[in-house]
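Worksheet for the structure shown next.
Quick note: the coordinates plus some simple rules give every number you see, no bench work behind them. Worth saying up front: this structure is predicted, and the values here are computed from it rather than measured. With ideal geometry, Cβ positions are generated from the backbone for all residues, glycine too; neighbour counts draw on all protein chains shown.
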Amino acid sequence: SGSVAIGQAADASSAAISPADSPSQRRPRKEKETYAQDYRLSGEVAAILKGLKKREPVTKVKALQAFRVYVNADPSQEDATEGPGSAKDAVLGAWSYYYPRLAVDNNRQVRLEAAGAHWDLLRRSDKGSLQQHLPRFFPPWLR
């Protein structure tokens, strides 16, 4: 009777692993869309925002400085349209996801640069674009 129990256990374990569960037969996972795709950002802004995801504070500070340069650039060089669907609204939407994490970062320099970039961006935004994203900015301000 001992061999029957072993045989039954082997049958049960082989039934648990079906060919559909093998790695080669699984459906490919959908890659998460990046904020660049979600908001239709230009390649330059997408590359800058990618630097904000890194762990090193030096990398974040450099990315924030580049972001501030981009935000403070001459408006005639970028999309001058205002309102929903514009390039400025796309940047503001993507920034609304990054700012809450940067505002409470452990590194003081990152927090200072994030606050400066936030001020620069809000100063150049119109009320309509800002109103849509404002609820995402409140949590860090209330801490």
TODO: Give the peptides 107-114, 55-62 in descending order of average Cβ contacts within 10 Å, highest first.
DONE: 107-114, 55-62
Task: Length gained when the stretch Arg101-Arg40 is fully extended (0.36 nm per residue, less Cα-Cα span) - done: 19.8 nm
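Expected output is a single nm value to one decimal: the length gained when fully extending between Thr59 and Arg124, i.e. 0.36 nm times separation in residues minus the C-alpha distance. What is it?
20.9 nm
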